[in-house]
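Read-outs: derived from the displayed coordinates by stated rules, not from any lab. Nothing here was measured: the structure is a model prediction, and the numbers come from that model. Reconstructed Cβ throughout: ideal geometry from the backbone, glycine too, with neighbour counts over all protein chains shown.
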Amino acid sequence: MEQILAFIQTKKQEFAQLPLFEFLANKHIHPNQRLIFAPVLAPLAAGLSDLNKYVIRESSSDNKVQELINKYTYKENYYWHGYLEHLETLGFNQLMSYGDFRLLWGEETKKTRSLCSTLERYGFQASPVQKLILVEVLEATATVFLRRR
């Protein structure tokens, strides 16, 4: 498990070096411009909540690792509320136009939309240790993303 956690840490550090995070940290660019893509993350934000509730959580398990994971899923299940509050703060909570809707569900955003279903396939019927690895990867990704804003 230590090797897996070390690998996740290495990938987390590589992820943090992507140009996106340099752009997000650039205080010379207005926050609304830096975060213009935030509404496109809506399917991901909602999907991760479902991933926690319906795939990662296994309430009937008596496995100690799974019990820890279950506690995590209850604690982290409502972060999307914060996401919606941030959208409102940025003024991105207005009604969507047809063009916005097409962007949200268009070819340009299919990878973002499909991420949760891919994660669900990985997590479905996974062992508690495999689910723990998935949780560690999600946390590492979120830490990098949210740390830079």
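One table, with the values for the structure above:
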item: Residue (of Ala42, Gln130, Tyr78) at the positive-pole extreme of the chain, dipole from beta-carbon charges; result: Ala42
item: Thr73, Thr10, Thr112 arranged by Cβ crowding within 10 Å, fewest neighbours leading; result: Thr10, Thr112, Thr73
item: Cα-based helix-to-principal-axis angle, 79-89 vs the chain, degrees rounded to 10; result: 10
item: Extension gain (nm, one decimal) between Gln130 and Leu5, 0.36 nm per residue minus Cα-Cα; result: 43.8 nm
item: Order of Trp105, Trp80 - criterion: other Cβ atoms within 10 Å of each residue's Cβ, fewest first; result: Trp105, Trp80
item: Value of [θ]222 nm, deg cm²/dmol, for the chain, DSSP H segments ≥ 4, -39500 (n - 2.57) each, nearest 500; result: -20500 deg cm²/dmol
item: Reach of Lys75 by Cα under 20 Å, taken over lysines that are not fewer than 8 positions away in the same chain; result: Lys53, Lys64, Lys131
item: Relative contact order for the chain, counting Cα pairs under 8 Å that sit 6 or more residues apart, in percent; result: 40
item: Cβ charges +1 (Lys, Arg) and -1 (Asp, Glu), total dipole of the chain, debye; result: 200
item: The stretch 126-146 and the stretch 37-82: distance between their alpha carbon centers, rounded to Å; result: 11
item: Spacing of the two label points (7 Å from each Cα toward its C-beta) at Leu103 and Leu20, in nm; result: 1.6
item: Degrees between helix 110-123 axis and first principal axis of the chain (Cα, 0 to 90, nearest 10); result: 10
item: Proxy reagent accessibility, fewest Cβ within 10 Å first, across His28, His86, His81; result: His28, His81, His86
item: Under the Karplus curve 6.51 cos²θ - 1.76 cosθ + 1.60, θ = phi - 60°, whole-Hz ³J(HN,Hα) for the stretch 7-23, x wherever Gly or Pro sits; result: 4, 4, 4, 4, 5, 4, 5, 5, 4, 5, 8, 5, x, 3, 6, 5, 4
item: Tilt relative to the chain, helix 42-51 - C-alpha long axis, 0 to 90 degrees, to 10; result: 10
item: Answer label for Cα extents along the principal axes in Å (calculated), chosen among (i) 53, 31, 28; (ii) 94, 29, 25; (iii) 47, 31, 27; result: (iii)
item: HN-Hα J in Hz across the stretch 60-69 - Karplus 6.51, -1.76, 1.60, θ = phi - 60°, x for Gly and Pro; result: 7, 6, 10, 6, 4, 5, 5, 4, 5, 4
item: Karplus-derived HN-Hα couplings along the stretch 135-144 (A = 6.51, B = -1.76, C = 1.60, θ = phi - 60°), whole Hz, x at Gly and Pro; result: 4, 4, 5, 4, 5, 4, 5, 4, 4, 5
